[in-house]
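Heads up, the thing below is written out as structure tokens.
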Amino acid sequence: MTRSAEARQPELRADGQPVDLRGPTEARKRAAGKYFEIGGDNQVGLKYTLSDSPMCRMFKDKRLSGIQFTALSKFHSHWWNAGLSESVRGVDLNRIYAPDPFNSVGMCSTERQYQNRREYRAAYALLKHVEGILVTNLICSETLNLEQCGNFLGYLSPYRARTEAAKVVCSIADRFAKHWGIS
């Protein structure tokens, strides 16, 4: 093998798969906007950090304090571990991941899931109806952004919508922090 052929061989991981050093595409970087960082060192390579979660974006913009971020993260983890997230929807032609009709729907499958669901419901009980909708869609399922939440609250101006939604989320986070004793 010639020297130039050796140079063209892709770098391999421990499992034999080639290492992809290209990083995110330009379209992905544009979509992330200012929530995109490149770090790392020369030994390992570059480390790309893209913050897509509205909660992470609010924290990076200094709209949430560390305590508020921790409280919302805890609420999100209880929601996720309680099994309340939507399942991945797709077509399974082989019926490998088909739902089990004999499985008790809505029932917790483990003790851990039961404990997480209990903690989630206790925190959710602190919220008003509209706040529950906002926090579920913004923090848990991440289907809305801050501006859409403000529009839901009745604010038409994009700036005013983001500002007021951030205030509501901060007040929710403060109640969660007090509930869990985070200080």
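Check whether at least one residue in the stretch 145-152 is modelled with pLDDT of 90 or more, surrounded by fewer than 14 Cβ atoms within 10 Å (Cβ to Cβ) and out of contact with any Gly (no Cβ under 7 Å at 6 or more places or on another chain), and report yes or no. No, every residue in the stretch 145-152 fails to be modelled with pLDDT of 90 or more, surrounded by fewer than 14 Cβ atoms within 10 Å (Cβ to Cβ) and out of contact with any Gly (no Cβ under 7 Å at 6 or more places or on another chain).
Note on the stretch 46-56: residues that are modelled with pLDDT under 70 and of a type outside the set (Lys, Arg) total 5.
Here is a yes/no grid of residues against (1) surrounded by 10 or more Cβ atoms within 10 Å (Cβ to Cβ); (2) assigned by TED's automatic domain parsing to the domain that holds THR136; (3) modelled with pLDDT under 65:
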{"position": "GLN17", "(1), (2), (3)": "no, no, no"}
{"position": "ARG22", "(1), (2), (3)": "no, no, no"}
{"position": "THR25", "(1), (2), (3)": "no, no, no"}
{"position": "LYS29", "(1), (2), (3)": "yes, no, no"}
{"position": "LYS34", "(1), (2), (3)": "no, no, no"}
{"position": "GLU37", "(1), (2), (3)": "yes, no, no"}
{"position": "GLY40", "(1), (2), (3)": "yes, no, no"}
{"position": "VAL44", "(1), (2), (3)": "no, no, yes"}
{"position": "MET58", "(1), (2), (3)": "yes, yes, no"}
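Taking into account only those residues within the stretch 153-183 that are of a type in the set (Val, Ile, Thr) and part of a helix (DSSP H, G or I), which is surrounded by the fewest Cβ atoms within 10 Å (Cβ to Cβ)? Ranking the candidates gives THR163 first. Across the stretch 67-91, the qualifying residues are those that are over 21 Å from GLU131 (Cβ atoms) and surrounded by 10 or more Cβ atoms within 10 Å (Cβ to Cβ), and the one among them that is modelled with the highest pLDDT is ASN81. Can you pull out the residues in the stretch 108-125 that are outside any helix (DSSP H, G or I) and surrounded by 14 or more Cβ atoms within 10 Å (Cβ to Cβ)? Hit for the stretch 108-125 is CYS108, nothing else.
The values are calculated or read from the model by the stated rules, or taken from the named source; none is laboratory data. None of these values were measured; they are calculated from a predicted model. No Cβ is skipped: glycine too gets one built from the backbone with ideal geometry, and neighbour counts run over all protein chains shown.
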